[in-house]
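All of the numbers you see were taken from the coordinates with simple rules; none came from a lab. Bear in mind the structure is a predicted one, so any value in this text is a computation, not a measurement. Cβ coordinates were reconstructed from backbone atoms using ideal geometry, including for glycine residues, and neighbour counts include every protein chain displayed.
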């Protein structure tokens, strides 16, 4: 549905889909996404407008499902299931959950990620975010259960509040080494349907507008000679509230529905 970040090493925290609210424009929320006449993704909300279920489909079958739990409007737990098989008749499900802690200011201070292994849920990673003076997310550090850092994501913002640059590092001992850089070169002036949804990693869950072009610099395929690629998204129609209804990416067209 959009150009994805390459999430090398971000395991459970960013592999599975998330939960949040206020991904709306004038009360509308993204409900379904279709491609080639087939349902690709479906979102369900509770009466408070909070996302409680997100299901994705691949080749006509369920590929992933998330269930969200809240306390006083704050996300406290997210349960996820992901079919990692390529079979259409014999799915192989991986199960995980994430627990969230909050600071006194109400921001997420830590995520703890658990993966089901041999019928037991095991802590596999933690994520610690950092914010600037305007409460904007500026980095996320992925750590081992014993707090050893092994991946870092950094975010830079433009004047309109959209993330315009993401840098992804992997740790070599105590030193972070740049592996990928994502430059978001152009945006439209319409509403991003994933804003605050939490079902995507930044910038898709943060940007107010839709990304039209992304330049990806890969520093690890050929060390010393970065490989640069460009991806474009063409938004050909919007509804009366400025939310996209049709987008083409690399020759594939997606249809968005709202309710």
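So for the stretch 84-134, Kirkwood radius off the Cα pairs, Stokes-Einstein at 4 °C and 1.567 mPa s: how many µm² s⁻¹?
97 µm²/s
In terms of its C-alpha gyration tensor, the chain has a rounded overall shape, because the principal axis ratio a/c (a ≥ b ≥ c, square roots of the eigenvalues) stays below 1.5.
Figure legend: label point modelled 7 angstrom from the Cα of residue 103 along Cα→Cβ; residues of the stretch 117-135 with amide N under 14 Å from it are 128-135.
For the chain, adding -39500 (n - 2.57) for each run of n ≥ 4 DSSP H residues and dividing by the number of residues yields -500 deg cm²/dmol at 222 nm. For the peptides 84-92, 48-56, the ranking by mean Cβ contacts within 10 Å, running from highest to lowest, is 48-56, 84-92.
The reciprocal of the average 1/r between distinct C-alpha atoms defines the Kirkwood hydrodynamic radius, which for the stretch 82-214 equals 16.9 Å.
So what is the relative contact order of the stretch 11-258, in percent, for Cα pairs below 8 Å that sit 6 or more residues apart?
Here the relative contact order equals 16 percent.
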